[in-house]
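Asker: Sharing a structure here in structure tokens format.
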Amino acid sequence: MCETTKKQKSSEEVFTHMFSSEDQEHQQDVNRPADLPPITEDCRGHGGGNHQGGDRR
């Protein structure tokens, strides 16, 4: 049981500042600009005729 307590304390020391203002790697990720969403084209096309936008497969 003593070994588990030592491991737990060791883990607590390692992860104490994880995802906090003291975690430099996390702060770099938080402060980077957001990625733009992907630009997609309309997969249905722009055909003419009496087409109401329905999928006619």
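The values are calculated or read from the model by the stated rules, or taken from the named source; none is laboratory data. Just so it is clear, the model here is predicted, and its values are computed rather than measured. Neighbour counts are summed over all protein chains in view; Cβ atoms, including those assigned to glycine, are modelled from backbone coordinates with ideal geometry.
Asker: Could you give me the residue pairs with C-beta distances under 7 Å whose first residue belongs to region 1-30 and is surrounded by 10 or more Cβ atoms within 10 Å (Cβ to Cβ), whose second residue is among the acidic types (Asp, Glu) wherever it lies, and which are 6+ apart or on separate chains?
Answerer: Hits for this filter: His17/Asp23.
Asker: From the list Glu13, Glu3, Glu25, pick out the single residue that is modelled with pLDDT under 85 and out of contact with any Lys or Arg (no Cβ under 6 Å at 6 or more places or on another chain).
Answerer: Glu3
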